[in-house]
Amino acid sequence: MSTAKNRRVETVVHAIKGPNNEGVLLLVLLALIIGMSIASPAFFTLSTLFAIIRSSIVPLIYALGVLLVIISGGIDVSFAAIASFAGYATIVLQLQTGIDLGLFGSFACAIAMGIILGGINGFIISKWRLPTLIVTLGTQGMFMGVLLAYVGSRYIAELPSGMASASTVNIWTTKTETGVALLHVMTIPAVVLAVVVAWLLSRTMFGRSVYAIGGDIESASRAGIRVKRTQILVYVLVGAMAATAGVIYMIMGRSANPQEIVGSELDIIAAVVLGGASIFGGRGTVRGTVLGVLLVQIINNSLILIGVPSAWQRTAVGVLLIVGVGIQALSAKKAAQRTSINVEGVAAA
């Protein structure tokens, strides 16, 4: 009776936790929201909700790309440089030639650049099996160097009209007690990309290949998975999504600064790891990544609301990253111990 009860409790706990501890993350998120609502009545408002969604748009798109790389067993720190390069170069190209590509043409131009830059990462990593962190650190410097030396380094205050026209477009505007709550139109591409990446990972052969490569690249290769092609495609997708995020960042900021975007890599990687993606590869979900991004953004907003200096935000994110990786390492250690005990039990029988 006691054994059956324990199994039911374990089943309920497992259902709450989810396969990658997303349930635990959701509970932490809810506790943080309740705590901040008690500490500051201004927190639990529609304006704050829309502000958090707005601040999560670009990090979420970055995080979706980083999620693909981490599941495949790699790490990418060049996505912010790709976003800066593609977004800024697209604007400079239009201003110098006098040709307005319009909103969709600007996205297409930037995404083409992102695909090329991401393809460079993918080619180098898959061709020579080099460490992904070292390669992307190197290409990060290369992309920023080429951007600043040959494209430009000045602050641009006026965007091409096709991009500027989307800067002030909202899909939901409503008056509140504290002012006006605005939900920006760029929320739509972020949601669409999240749905597409979730579908790619869960419903396609490409998604299964990414998980397999991250789990064990040699076994994946012996199973017939085309490792090089999959790795290149992963980094091409990351480049395309980073370029999309770069354009959105400059549209929402109504300006362009080539050095403004780089530096946010730690927040993004921390959000993805907190969302349950294994830093060792082979595990991760879009659902967990969305929760991780929201958690980091809410923590950043909460620290501002309670008057904590911005310098401590970096400390908080760093601590979160260490905690997330530490929990993963402990989980992996316990899983290995359980496996060892089971094997010994079978051998003894």
Residue match in region 89-108 (condition: in a helix (DSSP H, G or I), within 19 Å of residue 54 (Cβ to Cβ) and without any contact (Cβ under 8 Å) to a residue 12 or more places away in the chain): no
Helices (runs of 4 or more DSSP H) contained entirely in region 146-242, each with at least 2 residues that are open to solvent by 10 Å² or more (accessible area, probe 1.4 Å) and either touching a Cys at 6+ places or on another chain (Cβ under 6 Å) or among the aromatic types (Phe, Trp, Tyr) (or both): 205-215
Among (1) out of contact with any Lys or Arg (no Cβ under 7 Å at 6 or more places or on another chain); (2) within 25 Å of residue 230 (Cβ to Cβ); (3) not aromatic (Phe, Trp, Tyr) - the single one residue 126 does not satisfy: (1)
All positions within region 69-106 that are over 27 Å from residue 130 (Cα atoms) and open to solvent by 30 Å² or more (accessible area, probe 1.4 Å): 93, 95, 96, 97, 98, 99, 100, 101, 103, 104
Considering residues of region 250-267 that are open to solvent by 50 Å² or more (accessible area, probe 1.4 Å) and more than 19 Å from the chain's Cα centre (by Cα) only, the residue farthest from residue 156 (Cα to Cα): 259
Residue that is nearest to the chain's Cα centre (by Cα), among those in region 51-68 that are within 18 Å of residue 164 (Cβ to Cβ) and open to solvent by 10 Å² or more (accessible area, probe 1.4 Å): 58
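The values are calculated or read from the model by the stated rules, or taken from the named source; none is laboratory data. Just so you know, these numbers come straight off a predicted model, no measurement behind them. All Cβ positions, even for glycine, are placed from backbone atoms using ideal geometry, and neighbour counts span all protein chains on display. Only protein heavy atoms, including side chains, enter the accessible area calculation; ligands, DNA and RNA are left aside. Shrake-Rupley method; radii C 1.70, N 1.55, O 1.52, S 1.80 Å.
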